[in-house]
Amino acid sequence: NDIKNMSNVLKSQIKELENFAADVSHELKNPLSSLKTSNELLAENKIHSKEKKILFNNIINDLNRMNKIISDISDFTRSQAEVEQQQFEKIDLDKFIEDLILSFSPDKKQIRIIFESKKQSIFIRTNIDKLAQVFINIIENAISFSPVNSKIKIIKFTEKGKVVVYFADQGHGIDQKLKEKIFERFYTDRENKDDLHTGLGLSISKKIIESLGGSLELSDNIIEGYKGACFKLELPIKD
């Protein structure tokens, strides 16, 4: 039985690796095709200088996107390997969130991040670096979809031996039909082709939280005044 279980785990890991390789290949194919086309047009030297500038700009965008994809793939694979080597420490979750918010200085969109903690401050044992990575991914995702001069709200409370954290923004929101799909590798519904988000952030975040014994999901928005996307994060409270 042990050998059979080990064999099943190995087969699952091989299948996961095959799927990951296919996903990576698909994501890199588009910018590579675009680079090839631009290079061929420039090599022919039959286009005007104005069109050359457009092609050079496209090449820079494609290279930036490929660089971002490769960086995110590196983060993804490293996170996958590190979840089995967790180093936990006790932290004050309220202070952790407050300090993290301070690191998000107002950008050109002038978005305010508001933190509300219900009941007492709570201490949890967790991997602080991995948890910070999740919070940063979710907040950056919310900022990218939020309109100028809007707000993001983070609410924390405890419930039945768990700490629950909601992240809500004032953007256009996410259809509940996509609540599973948005956590798939490389999935994105962004219309801006120049946007460098690769769609790996939420997938990485979900795997990290599950490795910490918790859960991360797209929730119905229950926070008044925040009708955009709402994510619900749960972690067990451990002594």
(request) Evaluate the distance, in nm, between pseudo-label points positioned 7 Å from the Cα of LYS181 and of PHE88 along their respective Cα→Cβ axes. (result) 3.7 nm
(request) Round to the nearest 10 and give me the degree value, 0 to 90, for the angle of helix 128-145's Cα axis relative to the longest principal axis of the chain. (result) 60 degrees
(request) Any of LYS53/LYS177; LYS90/LYS207; LYS11/LYS179 with alpha carbons more than 32 Å apart? Name them for me. (result) LYS53/LYS177
(request) Compute the acute angle (0 to 90°) between the alpha-carbon long axis of helix 201-211 and the principal axis of greatest extent of the alpha-carbon atoms of the chain; round to the nearest 10°. (result) 30 degrees
(request) Give me the angle, in degrees from 0 to 90, between the Cα long axis of helix 49-82 and the longest principal axis of the Cα atoms of the chain, rounded to the nearest 10. (result) 30 degrees
(message) Under the rule that an exposed site lies in a DSSP loop and has at most 15 other Cβ atoms within 10 Å, name the longest stretch of the chain with no GluC sites (Glu not before Pro) of that kind, not counting the sites themselves.
(response) 1-179
(message) Over the range 91-160, how many pairs of lysines fall under 12 Å by alpha carbon, counting only those 8 or more apart in sequence or from different chains?
(response) 4
(request) Classify the chain as rounded, prolate or oblate from the Cα gyration tensor: take a ≥ b ≥ c as the square roots of its eigenvalues, call it rounded if a/c is under 1.5, otherwise prolate when a/b beats b/c and oblate if not. (result) oblate
(message) As a test of the formula, what do you get for the chain when each DSSP H run with n ≥ 4 contributes -39,500 (n - 2.57) and the sum is divided by the residue count, at 222 nm and rounded to the nearest 500 deg cm²/dmol?
(response) -17000 deg cm²/dmol
(request) Would you list, by chain and number, the lysines whose Cα falls below 17 Å from the Cα of LYS68, excluding same-chain residues fewer than 8 positions away? (result) LYS29, LYS193
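Here, each number is a calculation from the coordinates, and none is a lab measurement. Just so it is clear, the structure is predicted and the values come from calculations on it, not from any experiment. Ideal geometry is used to build each Cβ from the backbone, glycine not excepted, and the neighbour counts take in all protein chains shown.
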